[in-house]
Amino acid sequence: MIFRRRSADRPADPSGEPHDTDELAELQRERPRGPWDRDETSADQAEDGYIDLGGLVVKGVEGIELRLQVEDQEGTVAAVLLAGPDSGLEVRAFAAPRNGRIWDEVRQDIAAEAVRRGGTATEVDGEFGVELSLSVPVQSPDGRQAVQPSRIVGVEGPRWLLRGTFLGKSAVEPDPEGPLEAAFRNVIVVRGNEPMAPRDTIAMRMPPQAQAQLMAEAEAEAEAPEETADDGR
């Protein structure tokens, strides 16, 4: 990796490019209540209830179940789902360019995909800025056609984009002080210093206890005797 000499008025960055301090300050002003960058808060070290997932640190919410979308046996996590009685929130984080924003482009791509699938996409102003209100046709578990509403928000920080997809009641009845909105604001993004292409997923991992449980279950399944069909003889 090549490091460039930093200028007198800009802090150095591990990737070799100087920070745009004005841009960083603007990004921070746009989210006065969060979500947060790792360098902006240590709330998880001072308070209980936070769950360290590597690329994201998520605060648990009473009455809300935290589920992880795991991609492989190594415990790589692609998304976090906070599921309540009548609402849900899926959270993902992506790399973004240093001197640029990607939410406008990502939002357009999401809207185009919704329309391609026969749904609708409407831009509205919300607590986190411009967000998308989607209605997309889906097939229900019993095979019937239905329409699934969702509300997608995007928050940009230093070299990252945090995307939240609200489902259920929270998709059609936004509540800035609701538990899921609060959970989204409490998220801490740990982007890291490694080079990443814009839109690459910021990797997460399972907590050690959950990963150990997953490995134990996999080993138990592998050691279980195979069942043979009774052919009646």
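Classify the stretch 46-136 as rounded, prolate or oblate, taking a ≥ b ≥ c as the square roots of the eigenvalues of its Cα gyration tensor: rounded when a/c is under 1.5, otherwise prolate if a/b is larger than b/c and oblate if not.
Judged from the Cα gyration tensor, the stretch 46-136 comes out prolate (a/c at least 1.5, a/b above b/c).
Taking the Cβ of R185 as the center, what net charge do the other residues with Cβ under 11 Å away carry, scoring Lys and Arg +1 and Asp and Glu -1? Each step should come with its number before you reach the end.
Values: positive: R31, R33, K59; negative: E127, E177, E181.
The answer is 0.
Rounded, prolate or oblate: which fits the stretch 77-130 when a ≥ b ≥ c are the square roots of the eigenvalues of the alpha-carbon gyration tensor, with rounded for a/c under 1.5 and prolate only if a/b beats b/c? Each step should come with its number before you reach the end.
Details: a/c = 1.59, a/b = 1.12, b/c = 1.42.
Oblate, since a/c reaches 1.5 and b/c is not below a/b.
Using alpha carbons only, how many angstrom separate the centre of the stretch 180-208 from the centre of the stretch 67-141?
Cα centres, the stretch 180-208 to the stretch 67-141: 14 Å.
More than 19 Å apart: what percent of Cα pairs in the stretch 109-217 qualify?
Counting pairs separated by more than 19 Å, the tail of P(r) holds 59 percent.
Quick one: pull the percent of accessible area on the stretch 99-172 belonging to carbon and sulfur, 1.4 Å probe, ligands and nucleic acids left out.
49 percent
Once you have a ≥ b ≥ c as the square roots of the Cα gyration tensor eigenvalues for the stretch 38-81, tell me rounded if a/c is under 1.5, and otherwise prolate or oblate according to whether a/b is larger than b/c.
oblate
Tell me the net charge near V138. Cut-off is 11 Å between Cβ atoms, V138 excluded, with +1 for each Lys or Arg and -1 for each Asp or Glu. Kindly include the intermediate steps, with their values, before the conclusion.
On the way: positive: R117, R144; negative: none.
Overall, the nearby charge balance is +2.
The values are calculated or read from the model by the stated rules, or taken from the named source; none is laboratory data. Please read all numbers here as calculations on a predicted model, not as lab measurements. Neighbour counts run over all protein chains shown; Cβ positions are idealised from the backbone, glycine included. We work out accessible area using only protein heavy atoms, side chains counted, and drop any ligands, DNA or RNA first. Shrake-Rupley method; radii C 1.70, N 1.55, O 1.52, S 1.80 Å.
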